[in-house]
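Below: one structure, written as structure tokens.
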Amino acid sequence: MQKRFPVASATWRRRSLLATCAATALSQGLPAMAQSKIMLRISSPAVPEDWHAKMWTVFKEHLDKSAPGEFDVQINLNASLFKQGAEPAAMARGNLELTTVSAADMAKIVPAFSIFTAGYVVRDPVQQQKIFNGPIGTDLFKTVSEKMDISVLSTCYLGTRQLNLRDVRQVRNPADLKGIKLRMPGSKDWLFLGEALGATATPLAFGEVYMGLKSGTIDAQDNPLPTVKAAKFYEVTKQIVLTSHLVDGLFIAISNKALQALSPAQRSKVQGAAQAAAAFNNENRLKEESQLVEFFKKEGLQISTPDLDAFHKTVQTAYQNADYGKTWPAGLLERIHAVR
Ligand code: KDO
């Protein structure tokens, strides 16, 4: 007798049809969709707790909303993908799409940028935004795009840099920093600034600063207060000297190759996401910066304000004597000072 197989029930048939559809979608549709997503790799030396690290999540969320399913945003913090300062070269090689570039890293290729690495040039964060969102920024970013093959999408306020010492010391003027081993990020403009402040500048990557302070291989570091908190430098230091020597910024930049691969609509969405990220950073950073002196006092740190006139004079004289201004386009310093 011929064996009869049971007739499939309607439910079973529906399930089997669904399974076939899902399998087809998996083999054709879904991977194709995933593959067609535009990869945006981000690299930053920032610690996750810092606002300019958190802003990348804002960037990603903004883009996921404005362009659902179009971008695959990959955030790499703590210099886990590229070491600090190596990002622009990685972008030029096509190995990275987005990062924040410092003025010092811009200055390696576009010497005019070194003006923004000099102490006491930019007055405050409001002026900083006006400088970079106005004609000065437009001119400089054009040169950056031509020479570095990257495009600046937005300017972030990193904060105003202060001195942060391992041991308590009387610091009224730059002479009081004589012999202090001050860690600076590793490029000539940073080191010049450290020396101009009166200390002995020594280069070290950001990720090694905490241990350097803890072990005593360095005596001090300089960073804005929100970074001193986020990177927990206050745990291994005893004093902050409010020198306010550099109103520091970072520039959200995308490689030109990545930018040119986008449609006009995608470009404006990426631009919108970068602006939202910078706005998030700027707002939070400014707010926190104004509250942190109290926080550090509670943590037991001594907070002191030095003779700021003495610091201004000494630092400016150092730049004049070194003919630093020769690498700055004629009239740029005056144009910056005129921005109000
Ligand atoms: C630092 O190394 O001190 C510095 O503040 C320099 C900045 O240009 C920037 O690279 C920043 O580190 C990192 O983003 C970590 O906060």
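Quick one: of the DSSP bridges fully inside the range 84-226, what percent are antiparallel, nearest 5?
Approximately 45 percent, going by the DSSP bridge assignments.
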* In what sequence, largest accessible area first, do Lys313, Lys65, Lys37 appear using a 1.4 Å probe? -> Lys65, Lys313, Lys37
* Asked: Ignoring any ligand, DNA or RNA, what whole percent of the accessible area of the chain comes from carbon and sulfur when the probe is 1.4 angstrom?
  -> 56
* Structure fact -> accessible surface per residue for the chain, probe 1.4 Å, DNA/RNA/ligands not counted, whole Å² -> 49
* Hey, which aspartates and glutamates would be in cross-link range of Lys60, C-alpha to C-alpha under 20 Å, not counting anything within fewer than 8 residues on its own chain? -> Glu49, Asp50, Glu70, Asp72, Glu87, Glu97, Glu283
* Asked: Along the range 226-241, what does the Karplus equation 6.51 cos²θ - 1.76 cosθ + 1.60 (θ = phi - 60°) give for ³J(HN,Hα), rounded to whole Hz, x for Gly and Pro?
  -> x, 6, 4, 6, 4, 8, 6, 5, 5, 5, 10, 9, 10, 8, 10, 9
* **Rel. contact order, % - alpha carbon contacts under 8 angstrom, at least six apart, the range 209-340** => 34
* Asked: Which of the lysines could a cross-linker bridge to Lys142, judged by Cα under 22 Å and excluding same-chain residues fewer than eight apart?
  -> Lys108, Lys130, Lys257, Lys269, Lys326
* Which FRET efficiency, nearest 0.05, do Gln260 and Val126 yield, Cβ-Cβ r, R0 45 Å? -> 0.85
* To do: State the extension gain, in nm to one decimal, for the chain segment bounded by Met211 and Ala279, taking 0.36 nm per residue of separation less the distance between their alpha-carbons.
  => 21.3 nm
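How would Thr314, Thr155 rank on accessible area, largest to smallest, probe 1.4 Å?
Reading off the accessible areas and sorting them downward yields Thr314, Thr155.
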* Amide H contacts of Gln74 (H built 1.01 Å from N, under 5 Å, at least 5 apart or other chain) -> Leu40, Arg41, Ile42
* Asked: What list of ³J(HN,Hα) couplings, whole Hz, do you get for the range 325-334 from phi and the Karplus terms 6.51, -1.76, 1.60, once you set θ to phi - 60° and write x for glycine and proline?
  -> x, 5, 8, 9, x, 3, x, 5, 4, 5
* **Candidate lysines for bridging to Lys178, where Cα separation is under 22 Å - those fewer than 8 sequence places away on the same chain excluded** => Lys188, Lys214, Lys238, Lys313
* Asked: Expressed as a whole number of Å, what is the distance separating the alpha-carbon centroids of the range 30-98 and the range 292-321?
  -> 35
* Would you please give the residues with an amide H less than 5 Å from that of Ala46, counting only those at least 5 places away or on a separate chain, with H modeled from the backbone geometry? => Asn78, Ala79
* Under a point spin-label approximation (7 Å from Cα along Cα-to-Cβ), what is the Asp167-Arg93 distance to one decimal in nm? -> 4.2
* Asked: In percent, what relative contact order does the chain have, based on Cα pairs under 8 Å that are 6 or more apart in sequence?
  -> 24
* Asked: Per Stokes-Einstein, at 25 °C and 0.890 mPa s, what whole-number D in µm² s⁻¹ belongs to the chain, with the Kirkwood radius over Cα pairs as the hydrodynamic radius?
  -> 111
* Along Cα→Cβ, 7 Å out, is where each label goes; now give me the distance between the ones at Ser36 and Ala330 in nm to one decimal. => 5.5
* To do: Provide the FRET efficiency to the nearest 0.05 for the Thr143-Lys297 pair, computing r from the beta carbons and using R0 = 51 Å.
  => 0.70
* Structure fact -> So, with points 7 Å from each Cα along the Cβ direction, the Thr317-Asn76 label distance in nm works out to 4.6
* Amide H to amide H, which residues 5 or more places from Gln239 or on other chains are under 5 Å from it, using H placed in the peptide plane? -> Leu165, Gln302
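The values are calculated or read from the model by the stated rules, or taken from the named source; none is laboratory data. Note that this is a predicted model, so its numbers are computed, not measured. Counting neighbours? That spans all protein chains shown, and the Cβs are built from the backbone with ideal geometry, glycine included. SASA here: full protein model, heavy atoms, side chains in, ligands and nucleic acids out. Shrake-Rupley method; radii C 1.70, N 1.55, O 1.52, S 1.80 Å.
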